[in-house]
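Colleague: Just passing along the structure, written as structure tokens.
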Amino acid sequence: MDVLEYWHPNVGWAGFKQGTVSERMWGYFCQLVQLWHAHGHWQKVAQEIRLAPPRPSIYGPESKYQRNKRRQEWKRDIERAEGHMHRAAFLAAEKIAGMSYLLTKDDEGKPDWNMYWALFVAVRHQPNHTQARSKVAAFETFDADTELKGDPVQIARRCLLAAGYSDIAA
């Protein structure tokens, strides 16, 4: 999770309750939440940089070389922020894929199963992780026993609505 070295989210873990979710699945879930928060942060940073293009120099006329250099530096800053954003999305997609390896056929209907499938359906990270619905899994609070009631599609729909997506088929 190298992307978290550049910016680490301040998640209030006191609002998260593991409930009956297994330790390993909960660990993946917590890492996933951090990565989606990081994705949102870097997405916002890239947008802010993009909306503030380089201004002319206050030190008088500048050469074409200096103007191009400033513009290239501005573009590099955007690319750097987008690189972190895409890396966070990629690592989050890997975490969701890794969660699937923790499940067996015997887990069907259990909290681990519901958590994985609800996240898989709600985030919709495949085939292109850059178009995933990142806000869905950037939880501020999460009570597993309450949130994981019902089938995974119902859970995904609740997560989508809570994240501000309209009532769409998951």
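The values are calculated or read from the model by the stated rules, or taken from the named source; none is laboratory data. Just so you know, these numbers come straight off a predicted model, no measurement behind them. As a convention, Cβ positions derive from the backbone with ideal geometry for all residues, glycine included, and neighbour counts pool all protein chains shown. Side chains included, ligands, DNA and RNA excluded: accessible areas come from the protein's heavy atoms. Shrake-Rupley method; radii C 1.70, N 1.55, O 1.52, S 1.80 Å.
Colleague: For the Cα atoms of the chain, what angle does the longest principal axis make with the long axis of helix 111-123, in degrees from 0 to 90, nearest 10?
Modeller: Between helix and principal axis, roughly 40 degrees.
Colleague: Enter the angle in degrees (range 0 to 90, nearest 10) between the Cα long axis of helix 152-162 and the first principal axis of the Cα atoms of the chain, meaning the one along which they spread out most.
Modeller: Computed tilt is about 40 degrees.
Colleague: Calculated FRET efficiency, Lys110 and Asn68, Cβ-Cβ r, R0 45 Å, to nearest 0.05? Kindly include the intermediate steps, with their values, before the conclusion.
Modeller: Numbers: r = 59 Å, r/R0 = 1.30.
According to the calculation, E is roughly 0.15.
Colleague: A further question follows. Specify, per residue and in Å³, the volume enclosed by the convex hull of the alpha carbon atoms belonging to the chain. Present the calculation step by step, with values, prior to reporting the outcome.
Modeller: Values: hull volume 23.5 nm³, N = 170.
Output value, Cα hull per residue: 138 Å³.
Colleague: For the range 14-170, what is the accessible area per residue in Å², given a 1.4 Å probe and the full set of protein chains?
Modeller: Value returned for the range 14-170: 59 Å² of accessible area per residue.
Colleague: The range 58-101: D in µm²/s via Stokes-Einstein (Kirkwood Rh, Cα pairs, 37 °C, 0.692 mPa s)? Present the calculation step by step, with values, prior to reporting the outcome.
Modeller: Numbers: Rh = 13.2 Å.
The Stokes-Einstein estimate is 249 µm²/s.
Colleague: Out of every Cα-Cα pair in the range 1-48, what percent are more than 15 Å apart?
Modeller: On the way: 575 of 1128 pairs.
Value for the range 1-48 (Cα pairs over 15 Å): 51 percent.
Colleague: How many percent of the accessible area of the chain is carbon or sulfur, using a 1.4 Å probe?
Modeller: Details: 5290 of 10190 Å².
Of the solvent-accessible surface of the chain, carbon and sulfur hold 52 percent.
Colleague: If you build a Gaussian network model of the chain, linking Cα atoms that sit under 10 Å apart, which residue out of Asp106, Asp151, Asp143 swings the most?
Modeller: Asp106
Colleague: Can I ask one more? Quick one: how many lysine pairs does the chain have with C-alpha atoms less than 28 Å apart and a gap of 8 or more or different chains? Give me the count, please.
Modeller: Qualifying lysine pairs in the chain: 19.
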